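To keep things clear, I will list the structure first and then write my remarks on it.
The values are calculated or read from the model by the stated rules, or taken from the named source; none is laboratory data. Keep in mind that what you see is a predicted model, and the values were worked out from it rather than measured. Virtual Cβ from ideal backbone geometry, glycine too; neighbours counted across all protein chains shown. The accessibility values were calculated without ligands, DNA or RNA, using every heavy atom of the protein model including side chains. Shrake-Rupley method; radii C 1.70, N 1.55, O 1.52, S 1.80 Å.
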Amino acid sequence: MIRARDIVKEYVDGDGTKVRVLDGMSLDVQDGDFVAVVGPSGSGKSTLLHLLGGLDVHYQGEVEVGGVKLRGLDDKALARFRNTHVGFVFQSFHLIPNLSALENVLLPSHFGPAREDARKRAEAMLERVGLGAKKDRAPVRLSGGERQRVAIARALFGGPRLLLCDEPTGNLDAATGDGVIQLFKELHREGLTVLAVTHEERMSAAARRVLRLKEGRLVEERADLHLATRGAP
Amino acid sequence: MRLDALSRLVRLSLARERKGAFFSAFGVAMGVGALVFFLGLGLGVGRVIREKIFPTDARLVDVVPSAVSLGSLLGGGKLDAATVERLAALPGVEAAWRKMNVRVPAVSRYDGAFFGTRLRMGMEVLAVGVEPGLVKDDVKLGEFRDMGEGQPIPALVSTRLLELYNKTFAPARKLPQLSANMIVGFVMPVEFNRSYVAASSGGPTRSAQAQVVGASDRAMLAGLTIPLETAVRINREAGVDADTFTGVTLVAKDPSQVPALIDAVKGMGLEIDDQERRMAENTGAAVALVTSALALLSILICILAAVNIAHALSASVRARAKEIGVMQAVGASRADVRGIVLAEAAVVGLAGGAAGTAAALLLAFGVNRLASTYLPSFPFKPDSFFSFPWPVVLGGVVLGLFAALAGAYFPARRAAATDPARTLAG
Ligand SMILES: Nc1ncnc2c1ncn2[C@@H]1O[C@H](COP(=O)(O)OP(=O)(O)OP(=O)(O)O)[C@@H](O)[C@H]1O
Ligand SMILES: [Mg+2]
C-alpha cells in the first residue's frame, strides 16, 4: 500500500538555517495493515503523514501509495489522489463549523466527479461510525468523540484504501478515545489500511505494527507476527 | 470543479460572511450606480441637444457664397447654376438642394381667429425658398411646389420656432399652445415688397396667402420656408437677383465623407455655414467633458470598491486558512480554491453591479418625475433628461463584476497558495 524510499525533508528555519526533519527515511506498509508511528514531539510525524497523503510535495525521494507514484503528479492529479485514495483524520477534527455533520461528510463530493448517490453514501458513512441519528447536527452540538467520528466518516467518503491519522485521539478523554480506537480496529478488520501517528499507548497497542521515528528515520519497534500471513500483496 | 458544487460552496461562505459581502457589494453598487447615472444623464442631455436644440444631420453640408473673398473677384464665390452643378458633381455627394432667399422685404398682417382666440398682429417676415426634396418628409398637406400667381404659397415653419413660441411667446401673451399638426392648414396673408421698418425698394406690393403645410427641423428658424420656384418667381417679379442661390445643402452619401467634402467646397472658393453644427458640437463637447469628469469620479469609486473587496477577501481568506486546508485535504486543487474565492467575488460584483444599475435607473426615473412636476416649462424641456442604451446598462453590471474580480485577484492567489501541511498541523 505504501512504499517510500530515501525521503529527505528539510524546513528552512526562521533564521535561515536548514533543519532536516526526515533524513533518508524509508517505509513499506502492506495492504490492510494497521501501523502506529510514535516519536517525540517535533520528530516529524505529521510531516511524514502530509507527504504520504500528497499534501506536501517539497521533499526528496520517492513515494508510492496504492500504486500511485506521487512524484510527477501535477496539482490537479494530486488533488484527485487525495480525493479518492487517502482519507485524513486530524487531532483537532477540522470540521467546518457552519455545516451540519452530513454536509461535512459530503465535503469531498464537491471536489470529485458528480455522483447521484452522494447523499445516500454520506448517510451510510455516518451510520457506519454510529452517528446516523445526529446527521443534521452542527459540529458545536456534538461531543469531541462524535466530532472525530464525523471526521472519520468524511475521510471514508471517497472510498479510500488508506487512512492517515494524525493523533486521532489526542483531543479526546480516555473513554471516548477508546471508542474511536475501537472504530479504527473495526475499519481495519474490514480491510482498510490504517497509518496512525500517536502518543497514545492504547492506540499503538491496537496496531499490528509500531514504528518509531528517530533522527529522521523509522525503526521497527514491534511487528505483529501474524502479519506475514495476512498482509502479503 | 463542478458548477453545482462551486455554487454550493460559494453560497455557504457568502452566507457566513453576509455582512462583509453586503458592504463589499454596496461599495460596488455605489460606484456602478454613480457611473450609470452620470453616463445616462450625459447621454440624455446630449441627445436633447442633438435632437431638439440643434438638430443637425451629420450628412448635411450647408454651402454659402463667400462674403468677401478672392473667389468672388474671380467669379468663383457666387452660387449660380453652374457652380451648383459642380457642387453636385463632387465625389461623395448624394444630393444638392438649392436655396434662395426672397430678396424683397415682406410683412404679414393678421387680424382674425387664431386657434380659439383672436389675434391681431403685424410683423416682418423673412422667407427662403428650398427644393422640395430637402423637406419632403415634413410636408403634411398638399404638394410642396409653386402653385402659381394668386394661389396660396405652401410654407413650412421651424420646429424650434414652434417650441420657442409654445414655451416663451405664447404663455406671456395668453395665446394657445400649438402642435405641429394643429398648425397645418393655417393660412395667413403675406405682402411682399413691403416693410414696416425700411423704405420699399419701389415697385408694386404683391399680396399673397401663405398656408402652413408642416413643421420641419430643416426650415429656417425665423421665417417661412417656401418652395424654391416660388422664391425665384417672387424675386423675378420684383426685379431683383433671381439667378444666384443663397445656399446649397449638400447631402453626403455617408457622414465619413463630410470632412473631405468640406475641403472640396472650400477649395472652390465657397464657404460652409457650420454655425449650428459648431454650436451643437461645442455644447455637446461641454456636456461630454462634464460627463467624463463625473464618470471618472465614479470609476474612482469603483476602484475604491475593488480595494475594499481585496481587503475584505484577504481577511476572510486568512480567517479561513484552516478550512481551505481541509478542502485541500479532501481533494480541492489550487485551481479549485482560487475558483471558490473568485466566484465569491463574482457573485458580490454581479449583485453590486446589478443593484447599482437598478438604483441609477430608479433615481433617473425619480428625477424625471420631479422635473416634470416641479420644474417650470422651458423651451426644449425634455420628457427625460436621461438616456440608457443597453450597453450602458449591461456595462454597469459587467463593471461591477470586473471591479470585484480585480479586487479578488490577489486574495484568490494567496488562498490558492495556502500550504495545507502548515494549516492542518496540530
Ligand atoms: N512549516 C514549517 N516550517 C518550518 N519548520 C517546520 C514546519 N513544519 C514543521 N516544522 C518543524 O519540523 C519538525 C517536525 O514537525 P512535525 O509537525 O512533523 O512534528 P511532529 O512529530 O508531528 O510533532 P508533534 O508530535 O508535536 O505533532 C519540527 O521541529 C517543526 O518545528
Ligand atoms: Mg504532529
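Of all the residues that make up segment A:67-92, how many are farther than 20 Å from A:ALA36 by Cβ and more than 8 Å from every other protein chain (Cβ to nearest Cβ)? Don't jump to the end; show me each part of the working.
Taking segment A:67-92 first, the residues farther than 20 Å from A:ALA36 by Cβ are A:67-85.
Pick out the ones that are also more than 8 Å from every other protein chain (Cβ to nearest Cβ) and you get A:67-74, A:77, A:81, A:85.
Going through segment A:67-92 one residue at a time, the tally reaches 11.
Quickly run through segment A:1-23 and pick out the residues that are open to solvent by 90 Å² or more (accessible area, probe 1.4 Å) and out of contact with any strand residue (DSSP E or B) (no Cβ under 9 Å at 6 or more places or on another chain).
First, the residues of segment A:1-23 that are open to solvent by 90 Å² or more (accessible area, probe 1.4 Å): A:3, A:6, A:11-12, A:15, A:18, A:20.
A:ASP15, the sole residue that qualifies.
Here are some residues: B:ALA354, B:ALA329, B:ALA335, B:ALA343. Which one is touching a residue at least 12 places away in the same chain (Cβ under 8 Å) and more than 14 Å from chain A (Cβ to nearest Cβ)?
Values: B:ALA329 fails: more than 14 Å from chain A (Cβ to nearest Cβ); B:ALA335 fails: more than 14 Å from chain A (Cβ to nearest Cβ); B:ALA343 fails: more than 14 Å from chain A (Cβ to nearest Cβ).
Result: B:ALA354 is the single residue among B:ALA354, B:ALA329, B:ALA335, B:ALA343 that is touching a residue at least 12 places away in the same chain (Cβ under 8 Å) and more than 14 Å from chain A (Cβ to nearest Cβ).
Taking segment B:377-426, which residues are away from every other protein chain (no Cβ under 14 Å), of a type in the set (Ser, Thr, Tyr) and in a helix (DSSP H, G or I)?
B:TYR409
Give the number of residues within segment A:102-113 that are within 25 Å of A:VAL197 (Cβ to Cβ) and more than 8 Å from chain B (Cβ to nearest Cβ).
Filtering segment A:102-113 down to residues within 25 Å of A:VAL197 (Cβ to Cβ) leaves A:104-105, A:107-108, A:111.
After this cut, where a residue has to be more than 8 Å from chain B (Cβ to nearest Cβ) as well, the list is A:104-105.
Number of matching residues: 2.
Return the total of residues in segment A:42-57 being within 7 Å of another protein chain (Cβ to nearest Cβ) and of a type in the set (A, V, I, L, M). Walk me through how you get there before you give the answer.
First, the residues of segment A:42-57 that are within 7 Å of another protein chain (Cβ to nearest Cβ): A:46, A:50, A:55-56.
If we keep only those that are of a type in the set (A, V, I, L, M) too, we end up with A:55.
Final tally of qualifying residues: 1.
Only one of B:ALA329, B:ALA421 is within 16 Å of ligand 1 (Cβ to nearest atom), surrounded by 18 or more Cβ atoms within 10 Å (Cβ to Cβ) and at pLDDT below 95; which?
Details: B:ALA329 fails: at pLDDT below 95.
That would be B:ALA421, the only listed residue that is within 16 Å of ligand 1 (Cβ to nearest atom), surrounded by 18 or more Cβ atoms within 10 Å (Cβ to Cβ) and at pLDDT below 95.
If you check B:PRO391, B:PRO379, which single one turns out to be away from ligand 2 (no atom under 16 Å from the Cβ), under 16 Å from B:GLY42 (Cα atoms) and not hydroxyl-bearing (Ser, Thr, Tyr)? If you could, list the steps in order and put the result at the bottom.
Numbers: B:PRO379 fails: under 16 Å from B:GLY42 (Cα atoms).
Result of the check over B:PRO391, B:PRO379: B:PRO391.
The conditions are (1) open to solvent by 20 Å² or more (accessible area, probe 1.4 Å); (2) part of a strand (DSSP E or B); (3) not polar (S, T, N, Q), and A:VAL37 fails exactly one of them. Which is it?
That leaves (1) as the condition not met.
Among what's in segment B:137-157 and is within 23 Å of the chain's Cα centre (by Cα) and within 15 Å of B:THR249 (Cβ to Cβ), pick the residue that is surrounded by the most Cβ atoms within 10 Å (Cβ to Cβ). Lay out the reasoning, then the answer.
Of the residues in segment B:137-157, the ones within 23 Å of the chain's Cα centre (by Cα) are B:137-138, B:157.
Next, from what is left, pick out any that are within 15 Å of B:THR249 (Cβ to Cβ): B:137-138.
Numbers: B:ASP137: 11, B:ASP138: 19.
Ranking the qualifying residues of segment B:137-157, first place goes to B:ASP138.
Could you say which residue among A:VAL150, A:VAL180, A:VAL194 is in contact with a helix residue (DSSP H, G or I) (Cβ under 8 Å, 6 or more places away or on another chain), closer than 28 Å to A:ASP117 by Cβ, within 14 Å of chain B (Cβ to nearest Cβ) and more than 16 Å from ligand 2 (Cβ to nearest atom)?
Details: A:VAL180 fails: within 14 Å of chain B (Cβ to nearest Cβ); A:VAL194 fails: within 14 Å of chain B (Cβ to nearest Cβ).
After applying the criteria, what remains is A:VAL150.
Could you identify the single residue in B:ALA238, B:ALA252, B:ALA231 that is surrounded by 14 or more Cβ atoms within 10 Å (Cβ to Cβ) and in contact with a helix residue (DSSP H, G or I) (Cβ under 6 Å, 6 or more places away or on another chain)? Walk me through it before giving the result.
Values: B:ALA238 fails: in contact with a helix residue (DSSP H, G or I) (Cβ under 6 Å, 6 or more places away or on another chain); B:ALA231 fails: in contact with a helix residue (DSSP H, G or I) (Cβ under 6 Å, 6 or more places away or on another chain).
Going through B:ALA238, B:ALA252, B:ALA231 in turn, the sole match is B:ALA252.
Would you be able to tell me the number of residues in segment A:50-65 that are over 14 Å from A:MET1 (Cβ atoms), in a helix (DSSP H, G or I) and either near ligand 2 (Cβ under 9 Å from one of its atoms) or among the hydrophobic types (A, V, I, L, M, F, W, C) (or both)?
Total satisfying the criteria: 1.
Here are B:ALA351, B:ALA355, B:ALA360: which of them is buried (at least 24 other Cβ atoms within 10 Å of the Cβ), assigned to a helix (DSSP H, G or I) and touching a helix residue (DSSP H, G or I) at 6+ places or on another chain (Cβ under 6 Å)?
Details: B:ALA351 fails: buried (at least 24 other Cβ atoms within 10 Å of the Cβ); B:ALA355 fails: buried (at least 24 other Cβ atoms within 10 Å of the Cβ).
Going through B:ALA351, B:ALA355, B:ALA360 in turn, the sole match is B:ALA360.
Considering only segment B:263-283, state which residues are assigned to a helix (DSSP H, G or I), in contact (Cβ under 8 Å) with a residue 40 or more places away in the chain and surrounded by fewer than 18 Cβ atoms within 10 Å (Cβ to Cβ).
Within segment B:263-283, the first condition is being assigned to a helix (DSSP H, G or I), and the residues that meet it are B:263-267, B:275-283.
Now restrict to residues that are in contact (Cβ under 8 Å) with a residue 40 or more places away in the chain: B:264-265, B:276-277, B:279-280, B:283.
The answer is B:GLU276, B:MET279, B:THR283.
Select from segment A:2-37 the residues that are within 14 Å of A:LEU211 (Cβ to Cβ) and under 14 Å from the mean Cα position of the chain (by Cα) and list them in ascending order. Walk me through it before giving the result.
To start, the set of residues in segment A:2-37 that are within 14 Å of A:LEU211 (Cβ to Cβ) comprises A:2, A:4, A:7, A:22, A:25-30, A:33-37.
Within segment A:2-37, A:ILE2, A:VAL29, A:ASP33, A:PHE34, A:VAL35, A:ALA36, A:VAL37 meet the criteria.
Tell me, which helices (runs of 4 or more DSSP H) wholly within segment A:98-178 include 1 or more residues that are open to solvent by less than 20 Å² (accessible area, probe 1.4 Å), closer than 29 Å to B:ARG18 by Cα and within 16 Å of ligand 1 (Cβ to nearest atom)? First the steps, then the outcome.
On the way: elements: A:101-106, A:118-128, A:144-157.
Answer list for segment A:98-178: none.
With the requirement that a residue be within 8 Å of ligand 1 (Cβ to nearest atom) and closer than 11 Å to A:GLY44 by Cβ, what does segment A:10-24 give you?
A:TYR11, A:VAL19, A:VAL21
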